[in-house]
Amino acid sequence: MRVVLYNIRYGTGAGWDYHLPLPFSGLFRRTEPSLRRLSSFIDGMKPDLVGLVEVDGGSYRHGGESQARCLAENLDLDHFFSCKYGRDSIFRKVPVLSSQGNAILSRVPVKRTAKVDLERGMKRTLLEVEFEQFVFLLVHLPLGMNARKAQLETLAGRVKAHSKPVLLGGDFNLLHGSGELREFLSATGLRDADPSARKTYPSRLPRFRLDFLLTGPGVNVRSFDVPDVRFSDHLPLVCDFEISSSLEGGEKA
């Protein structure tokens, strides 16, 4: 199976003009043309599973339509979207911000979906999708180091609660380096899917490693790539993996 993980910055692009005429003014531009390019790229990857961070759920930026739904329809996938802010957050009542979230798209039949509020920070939503053989978790961790630490502690409990193999992906915002994950990895038994630890941000000249895919026991990574594309300010992650069947002594699925 193949999973694509991508922070798409709401489809607002990554050009030099993003901060013109004012800083971050590109955040409010219309996104239909850039989303078509994103859709074509993701379709070319032939994914079974897609984790999208920073997706517009239906603001004016995309003509009032959910980017997650549009992408899912274009790619013939199921989709699961949630606003990234906590259930009681004031940002859920602010235009544009209330549409900002994350999404999981899947070609694999889904058994169960869940949205979980993590501890502290503005960005709190954890998406969980359970499949027949594994569970996929998607997060966008906060910028504050203390808030990240609190969320990782809660996230460790969620990971350990699952009996099936786990994939955990997202934009972890580890501005102080992947050493922040040392305690989390030790507690959960998850491993970094990218042995080369490639940097992903900014896409033009990556200096930080913000985007991660972590895999638990029973998930065998076959290949991992970070395509050099500029559809967002982040680079995407592409991973081919197999699930080991505990019932069949190592049979692959």
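The values are calculated or read from the model by the stated rules, or taken from the named source; none is laboratory data. Worth saying up front: this structure is predicted, and the values here are computed from it rather than measured. Note that we place each Cβ from the backbone using ideal geometry, even for glycine, and neighbour counts take in every protein chain shown.
Among LEU127, LEU137, LEU118, LEU105, which is the only one that is surrounded by 16 or more Cβ atoms within 10 Å (Cβ to Cβ) and either among the charged types (D, E, K, R) or farther than 27 Å from ASP43 by Cβ (or both)?
Criteria check complete, one pass: LEU118.
Considering only region 48-61, how many residues are surrounded by fewer than 22 Cβ atoms within 10 Å (Cβ to Cβ) and assigned to a helix (DSSP H, G or I)? Don't jump to the end; show me each part of the working.
Filtering region 48-61 for residues surrounded by fewer than 22 Cβ atoms within 10 Å (Cβ to Cβ) gives 48, 57-60.
Restricting the remaining residues to those that are assigned to a helix (DSSP H, G or I) gives 60.
Residues in region 48-61 being surrounded by fewer than 22 Cβ atoms within 10 Å (Cβ to Cβ) and assigned to a helix (DSSP H, G or I): 1 in total.
Considering only region 82-116, state which residues are within 22 Å of HIS62 (Cβ to Cβ), within 20 Å of the chain's Cα centre (by Cα) and among the hydroxyl-bearing types (Ser, Thr, Tyr).
SER82, TYR85, SER98, SER99, SER106
Can you tell which of VAL219, VAL238, VAL229 is at negative phi, of a type outside the set (Gly, Ala, Ser) and surrounded by 21 or more Cβ atoms within 10 Å (Cβ to Cβ)? Can you show your working first?
Details: VAL238 fails: surrounded by 21 or more Cβ atoms within 10 Å (Cβ to Cβ); VAL229 fails: surrounded by 21 or more Cβ atoms within 10 Å (Cβ to Cβ).
Just one listed residue meets the conditions, VAL219.
If I ask for residues that are modelled with pLDDT of 95 or more and under 25 Å from GLU65 (Cα atoms), which ones from region 116-135 would you list?
Across region 116-135, the qualifying residues are LEU126, LEU127, GLU128, VAL129.
Select from region 22-42 the residues that are touching a residue at least 24 places away in the same chain (Cβ under 8 Å), farther than 16 Å from LEU235 by Cα and among the charged types (D, E, K, R) and list them in ascending order.
Passing the criteria: ARG29, ARG30, GLU32.
Quick test of your reading of the structure: ASN102 fulfils all but one of (1) part of a strand (DSSP E or B); (2) modelled with pLDDT under 95; (3) not aliphatic (A, V, I, L, M). Name the failing condition by number.
All conditions are met except number (2).
So, in region 223-253, exactly how many residues are assigned to a strand (DSSP E or B), small (Gly, Ala, Ser) and modelled with pLDDT of 95 or more?
1
Kindly provide the set of residues from region 165-204 that are among the aliphatic types (A, V, I, L, M) and either closer than 22 Å to GLU130 by Cβ or modelled with pLDDT of 95 or more (or both), ordered by number. Spell out the reasoning first.
From region 165-204, those among the aliphatic types (A, V, I, L, M) are 166-168, 174-175, 181, 185, 187, 190, 193, 197; that's our starting set.
VAL166, LEU167, LEU168, LEU174, LEU181, LEU185, ALA187, LEU190, ALA193, ALA197 - these are the residues of region 165-204 that are among the aliphatic types (A, V, I, L, M) and either closer than 22 Å to GLU130 by Cβ or modelled with pLDDT of 95 or more (or both).
When the residues of region 73-99 are narrowed to those that are within 25 Å of GLU153 (Cβ to Cβ) and among the basic types (Lys, Arg), which ends up modelled with the highest pLDDT?
Restricting to residues being within 25 Å of GLU153 (Cβ to Cβ) and among the basic types (Lys, Arg), the top hit is LYS84.
Taking ARG87, is it outside any strand (DSSP E or B), surrounded by fewer than 19 Cβ atoms within 10 Å (Cβ to Cβ) and touching a residue at least 40 places away in the same chain (Cβ under 8 Å)?
no
Which one of the conditions (1) of a type outside the set (D, E, K, R); (2) farther than 22 Å from PHE41 by Cα; (3) not in a loop (DSSP other than H, G, I, E, B) does LEU174 fail to meet, given that it meets all the rest?
Single failed check for LEU174: (3).
Output the residue which, of all residues in region 1-47 that are in contact with a helix residue (DSSP H, G or I) (Cβ under 8 Å, 6 or more places away or on another chain) and in a strand (DSSP E or B), is farthest from TYR85 (Cα to Cα).
Residue satisfying both the conditions and the ranking: ARG2.
Scan region 137-151 for residues that are hydrophobic (A, V, I, L, M, F, W, C) and either part of a loop (DSSP other than H, G, I, E, B) or more than 10 Å from the chain's Cα centre (by Cα) (or both) and jot them down. Full working, then the answer.
From region 137-151, those hydrophobic (A, V, I, L, M, F, W, C) are 137-139, 141, 143, 145, 147, 150; that's our starting set.
Within region 137-151, LEU141, LEU143, MET145, ALA147, ALA150 meet the criteria.
What number of residues within region 5-33 are among the aliphatic types (A, V, I, L, M) and closer than 29 Å to SER106 by Cα?
Count: 4.
Hey, GLU242 hits all of (1) under 28 Å from GLY26 (Cα atoms); (2) touching a residue at least 12 places away in the same chain (Cβ under 8 Å); (3) not basic (Lys, Arg) but one; which does it fall short on?
Unmet condition: (1).
Among residues belonging to region 157-202 that are surrounded by 13 or more Cβ atoms within 10 Å (Cβ to Cβ) and of a type in the set (Lys, Arg), point out the one that is nearest to ASP225 (Cα to Cα).
Across region 157-202, the extreme among qualifying residues is ARG198.
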